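The block underneath contains the structure these notes are about, expressed in C-alpha cells.
The values are calculated or read from the model by the stated rules, or taken from the named source; none is laboratory data. Owing to the predicted nature of the structure, the values given are computational and were not obtained by experimental measurement. Every residue, glycine as well, gets a Cβ built from its backbone with ideal geometry; the counts of neighbours run over all protein chains shown. All accessible areas refer to the heavy atoms of the entire protein, side chains included, with ligands and DNA or RNA removed. Shrake-Rupley method; radii C 1.70, N 1.55, O 1.52, S 1.80 Å.
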Amino acid sequence: MTTSLQDGQSAAGRAAARDSPLAAQVCGAAQGRGDARDLAPAPWLHARALLPPPDGTRGCAADRRKKKDLDVLEMPSIPNPFPELCCSPFTSVLSAGLFPRANSRKKQVIKVYSEDETSRALEVPSDITARDVCQLLILKNHYIDDHSWTLFEHLPHIGLERTIEDHELVIEVLSNWGMEEENKLYFRKNYAKYEFFKNPMYFFPEHMVSFATETNGEISPTQILQMFLSSSTYPEIHGFLHAKEQGKKSWKKIYFLLRRSGLYFSTKGTSKEPRHLQFFSEFGNSDIYVSLAGKKKHGAPTNYGFCFKPNKAGGPRDLKMLCAEEEQSRTCWVTAIRLLKYGMQLYQNYMHPYQGRSGCSSQSISPMRSISENSLVAMDFSGQKSRVIENPTEALSVAVEEGLAWRKKGCLRLGTHGSPTASSQSSATNMAIHRSQPWFHHKISRDEAQRLIIQQGLVDGVFLVRDSQSNPKTFVLSMSHGQKIKHFQIIPVEDDGEMFHTLDDGHTRFTDLIQLVEFYQLNKGVLPCKLKHYCARIAL
C-alpha cells in the first residue's frame, strides 16, 4: 500500500514538473536528497511502536478516543511540495475552476449576405473565427472549398469595406458596430487574399520599396516578403499619396513612408530625415479599409482610396483617408500594412487554412477538389490499359488530335430530344446555352464588370463574360492580368449558314461560348494568360 501510494505521488510530481518550472525544481531537489529515504518509515512511527503499554489499567472508550486524538495531534506535519495537486478537505473535489465558464460558449445569431443580396442567419458561438464562418457556409451550401472564400466587413454609410482576416473573431468585429449603422457581413470569393505569398513580385514594385539598412546586391520579392514577416529588419514602403485634411473636404498630395512603427509623412518634399517626418497613423488599434466610392462620398481625386479606421465605433471625422494614383500602388500599401500588422499570423492562415477555434473546421476536412497544373500528366486511353505519355512530342500530337475531335463533336450538338437538329435550331440553341453558366453575366455595364473583378481579386485569370452594350449581337470577355482589367470582344461569325464565336477574327471558331471558355481555360491563345477563376454571384 505504501509503495503504490508513493508511486502515485511520484507520478503526480512528474506531471506537475512538466507543467510548472517551479515544481520541476522542487521535484529535482527531492530526488537529490535520496529516494531510499522516502521509502523508509517515518521517525515518529518508530517512536510510537516503542512506547510501553499503560499500567494494566484499561480506560473507557472515551479515554481511548481522547488518547488517539492526542496522538494524532502530536504527529509532526509533513510539508507537501505540490499543494496544487491536492484539494482542501473543506472544498469540493470537483473545483469550479476545472470547468469552462458557462458563458464562454455563448451563442449569438449573425446575418451574412452574398453578392446577390440574399442572406442567411447563423447561430454561432462567441469565439467563432471568420474562417469558421466561411467553412460553415461552404458545408451548408455544398460549395467547393478552394481557400478563396472570404468574409468581408461592409460599411455602406461611409462606403468602406475590408477583408476580415481568417483568425479574427467575428463577434468582436460586430461589437465595434454602432447601433444605428446598417453594416453588413458579406461572403464571397477573394482570390487575392493570399496571392502575395504566391507571386510577391506583383505586389511590391521596385520604385516603392526601400530598406532601412544597407543591403548588398539586389533583393528579390520573396526576400522582401520574408523581411515583412521577420522582426529584425523591415522594408520601407514610400511614395506620394493624396491625404484628406482633418475636418476639411480638400485633399493634399504628400510623400508618405511606411515603417513597422506606423505611417509617417514628410513635411519637406521627399525628405526622410527624422526632423521632417511626422506621425500619421498606427495600425495596432485600427483597421485598414478600401474605399468603394471615394469620389462620390469623400470627394477623392481618384477611385483608388483606402483609410485607417479605429477599432471602436467612431464617426467619419475619425477616419484617416488616403488615395493612391493607381490600383497597383493601393494594393502595395494595403498589403504591406496587413503584413506589418499581423505578421506571421497571415502566413499561418495561408499555410493552415483549417485551423479553427470553434470546431466548425477540422484538419480532417480536405477540399473537395484541388488540381494543380504541375500535377497533370498526359494519358493514353486508346488501348486496353491506360499509360502515361512521357514523350513531349507524342503528348503534343495527341493533344492536337483530341482538340480537332473535340471541335467536330461540338459542331454536332444534340437537341432536346437527343437527335441532331436543323442548323437554324442548333444555332439558336447554341446562342442561348451559355446563360446558365456561372461565369456569364447578362446585361451588366463595363464599370459593373470591373467592380466585380476587383471585389473578387485582381489575380491573373479572373474573368467573366457579359453582353456587349455597344453591339447587342456580340459579347465581351473581361479578365484580370497584371493587376489591370482588360476587355476582349467576342464576335459572331457566320459560315455556311452556321454561327460561330471567335476572339481572333475567325482564326479559331467555336460553336458556343461554353466551348470558347473551356478552350481558353486550357490554352492561352490570343489572351495574355489562361482563364483561371470565374467571377460568379453566389446565392446563400
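Worth a mention:
- Pairs with Cβ under 9 Å, 6+ apart, first in segment 260-282 and open to solvent by 50 Å² or more (accessible area, probe 1.4 Å), second of a type in the set (Val, Ile, Thr): 267/254; 275/267; 278/267
- Count - residues of segment 468-511 that are farther than 22 Å from residue 446 by Cα and open to solvent by less than 40 Å² (accessible area, probe 1.4 Å): 6
- Answer residue from segment 229-258, given it is open to solvent by 10 Å² or more (accessible area, probe 1.4 Å) and aromatic (Phe, Trp, Tyr) and is farthest from residue 308 (Cα to Cα) among those: 234
- Test result for residue 167, closer than 30 Å to residue 236 by Cβ, in contact (Cβ under 8 Å) with a residue 12 or more places away in the chain and open to solvent by 20 Å² or more (accessible area, probe 1.4 Å): yes
- Highlighted here are the helices (runs of 4 or more DSSP H) found entirely within segment 421-540 that include at least 2 residues which are modelled with pLDDT of 90 or more: 446-455, 513-522.
- Checked against the criterion of being open to solvent by 50 Å² or more (accessible area, probe 1.4 Å) and hydrophobic (A, V, I, L, M, F, W, C), segment 451-460 has at least one qualifying residue.
- Residue, modelled with the lowest pLDDT, within segment 171-199, restricted to residues that are in a helix (DSSP H, G or I) and open to solvent by 50 Å² or more (accessible area, probe 1.4 Å): 198
- Evaluated against (1) open to solvent by 30 Å² or more (accessible area, probe 1.4 Å); (2) at pLDDT below 90; (3) of a type in the set (Ser, Thr, Tyr), residue 342 falls short on exactly one condition, (2).
- Looking across 266, 271, 366, one residue alone is at pLDDT below 90 and either at negative phi or among the small types (Gly, Ala, Ser) (or both). It is 366.
- Some residue of segment 301-319 being open to solvent by less than 20 Å² (accessible area, probe 1.4 Å), in a helix (DSSP H, G or I) and either modelled with pLDDT of 90 or more or among the small types (Gly, Ala, Ser) (or both): no
- Residue 69 part of a helix (DSSP H, G or I) and either open to solvent by less than 30 Å² (accessible area, probe 1.4 Å) or modelled with pLDDT of 90 or more (or both): no
- Test result for residue 275, assigned to a helix (DSSP H, G or I), over 26 Å from residue 206 (Cβ atoms), of a type outside the set (Phe, Trp, Tyr) and not assigned by the TED database to the domain that holds residue 163: yes
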